[in-house]
Amino acid sequence: MTKAVLGIIGGSGFYDLEMENARWERVESPWGEASDELRIGEIGGLPIVFLPRHGRGHHLSPSDIDYRANIDALKRAGVTDLVSLSACGSFREDLAPGTFVIVDQFVDLTIAREKSFFGRGCVAHVSVDQPVSPLLVDQVHAAVKAEGISHHRGGTYVAMEGPQFSTLAESHYYRGRGYHVIGMTNMPEAKLAREAEICYATVAMVTDFDSWHPDHGSVDIQAILKVMRENTEHAKQLVTRLATDFPKEHQPCPIGSDRALEYAIITAPEARDPELLKKLDAVAGRVL
């Protein structure tokens, strides 16, 4: 079996993680520049790779993040299982600020991002009908419960481009569609993780009710920042518990997240672009 390496992507407010034997390390990617150096260390003997999605100091907006470089760098660092932690708005009364939503579906409304490692010169079609990995979700859920964090398992995350928050009309529209939470960063991140054959799960940390709620009105950035600080402390507790209980050997994914490219590449070998293949060495090296 493959040794498990747990990757953690920290969203807004989550820029560092305490670990044993920790160091910051720059991992070069042919896809561009990752959001920051990777924080590499251990928790309870388990290898951990942490990446602050917006960079330390939060200098990258959601649209400026190079999602391909981030996932490629994590893959090069050996990550087998990836947990994304993200701030989000809620469309439901029962998902109040402070609630951690363990998302199981996504709707991608982003429009200004590179969404695939593949394209002209090497075409691949990867299934993302089940975008999160069930065993990893089980492990995250167990950790959240063990830490006593207010949470909800399951839900749909709608990804908007941002960086502005929703209009009132948009907020009512998304709520009417039955979506649970809204954020700006989990797409195309989840799709790219699947292309890279990394098991993926998301914890969407509610900071506000978007703008639909009649008792809360417009999104208040000061209130969001207060909740965000509290959520970040709970997120660190979650990660520590998850890592402590995490299996040391990577468990094969029952839906094939870690084998997503098995039959996905359809470009004939003789028609593949050698330059693109070089860039795909980490992401698709197993099948190429």
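The values are calculated or read from the model by the stated rules, or taken from the named source; none is laboratory data. None of the values given here were measured: they were computed from a predicted structure. Positions of Cβ are generated from backbone atoms using ideal geometry, with glycine treated the same way; all protein chains shown enter the neighbour counts.
Applying the condition of being modelled with pLDDT under 95 and surrounded by 16 or more Cβ atoms within 10 Å (Cβ to Cβ) to region 163-189 and asking which residue is nearest to Ile71 (Cα to Cα) yields Phe165. Of everything listed in (1) within 18 Å of the chain's Cα centre (by Cα); (2) more than 14 Å from Ala235 (Cβ to Cβ), the single unmet condition for Arg23 is (1). For region 124-163, filtering for residues that are in a loop (DSSP other than H, G, I, E, B), closer than 21 Å to Asp94 by Cα and in contact (Cβ under 8 Å) with a residue 24 or more places away in the chain leaves 5. Determine the pairs where a residue that is farther than 22 Å from Ser63 by Cβ and in contact (Cβ under 8 Å) with a residue 40 or more places away in the chain, located within region 17-42, has a partner that is aliphatic (A, V, I, L, M) and outside any strand (DSSP E or B) with Cβ atoms under 7 Å apart, the partner being 6 or more residues away or on another chain. Listed pairs, sorted by first residue: Leu17/Val239; Val27/Ala34; Val27/Ala73; Val27/Ala77.
Only residues that are in a loop (DSSP other than H, G, I, E, B) and of a type in the set (Ser, Thr, Tyr) were counted in region 49-71, giving 1.
Residues in region 88-108 that are part of a strand (DSSP E or B) and buried (at least 24 other Cβ atoms within 10 Å of the Cβ): Cys88, Gly89, Ser90, Phe100, Val101, Val103. The set of residues from region 240-288 being under 27 Å from Ile8 (Cβ atoms), free of Cβ contacts under 8 Å to residues at least 60 places away in the same chain and hydrophobic (A, V, I, L, M, F, W, C) comprises just one member, Val287. For region 48-73, the tally of residues that are of a type outside the set (S, T, N, Q), more than 14 Å from the chain's Cα centre (by Cα) and more than 21 Å from Glu197 (Cα to Cα) stands at 7.
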